[in-house]
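Worksheet: the structure to be examined is printed underneath.
The values are calculated or read from the model by the stated rules, or taken from the named source; none is laboratory data. Computed from a predicted model, the values in this text were never measured in an experiment. Positions of Cβ are backbone-derived with ideal geometry, glycine not excepted, and every protein chain shown enters the neighbour counts. With ligands, DNA and RNA removed, areas are computed over all heavy atoms of the protein, side chains included. Shrake-Rupley method; radii C 1.70, N 1.55, O 1.52, S 1.80 Å.
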Amino acid sequence: SWFLAGTERKADSMVYEAKTVLLKNGREAVLRAPSQADAAALKDFMVRCYGETEFLTKYPEEFTITLQQEQAYLEKNIASSTEMMIICTVDGELAGNCQINFKTGLKAKHRASVSIALLKKFWGIGIGAAMLQELLAVAEKQGATQVELACLEGNQRALALYTKLGFTPVASLPNAYRLKDGTSLGEITMVKQLG
C-alpha cells in the first residue's frame, strides 16, 4: 500500500498510497499521507490529543510550535527517506496520526521506531490497529527486522493493542515522566521482531 518515489517528492522519499478501512462501528476511515494543507489541522489535533490523556509525553500548553514550524516539519517528513507519517480521517475529521522512523547507521539500520496518537472519541474502533499494521508493513518493505515503541506505564488500552500486534515489553524506565499532580509514570520499551 505504499511505493517509492513520486511526482512531487524526492526520488528516495517514501510515499504512502491512500486506502480506506472499515472500522468496528461500520464507518469508514481514510488512511493517507499528510500534505502541507494538513498543517493547521495537525497542529490543532496534537493539542487536543495532549489534553485528552496523560499517556502522551507532553501537556497541551507545551506544544507551542507555530503553523510555519508545522508546515516545515511536514515538508521535511514528506521528502524524507527515513521517516513517514500516516494520518487518518473519518468523515473528513482528523482522527489520528502515526509515524515510523528508520535508523540510518550501519549497525542500527535494521531498526525502526513507531509512534501513534488518536483522539479519544475514536478510541476502540480499530483505527490504532489499522495504522500500526500499515507502519509494520512499511517497516517490512523497507527491510527493517525490528520495530520499537515506547508506552507509558498504566496505558492498558495501548499495551493491549501493542501486545495483540506482537510487541513484547523488553525494558522499563522508572519515573520517566512526572505528572502535574506529582504522580510518576514509567516508560515501557516494546519490540516486535519482523520476518
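The helix-only estimate of mean residue ellipticity at 222 nm for the chain, built from DSSP H runs of length n ≥ 4 each weighted as -39500 (n - 2.57), is -8000 deg cm²/dmol after division by the residue total. For residue 131, the accessible area of its heavy atoms, probed at 1.4 Å with every protein chain present, is near 0 square angstrom.
The figure for residue 91 is an accessible area of roughly 120 square angstrom, using a 1.4 Å probe on the protein chains alone.
Which percent of the accessible area of the chain is formed by carbon and sulfur heavy atoms (probe 1.4 angstrom)?
Accessible surface attributable to carbon and sulfur in the chain totals 52 percent.
For the chain, DSSP calls about 95 percent of its internal beta bridges antiparallel. Rounded to the nearest 10 square angstrom, residue 20 shows an accessible area of 80 square angstrom against a 1.4 Å probe. Per residue, the chain exposes 53 Å² of solvent-accessible protein surface, assessed with a 1.4 angstrom probe and all protein chains in place.
Using a cut-off of 18 Å between Cα atoms, the listed pairs 24/121; 58/109; 109/192; 141/192; 164/192; 43/180 include 58/109; 43/180 as exceeding that distance.
For the listed peptides 101-113, 149-161, a ranking on the average number of other beta carbons within 10 Å per residue, highest first, reads 149-161, 101-113.
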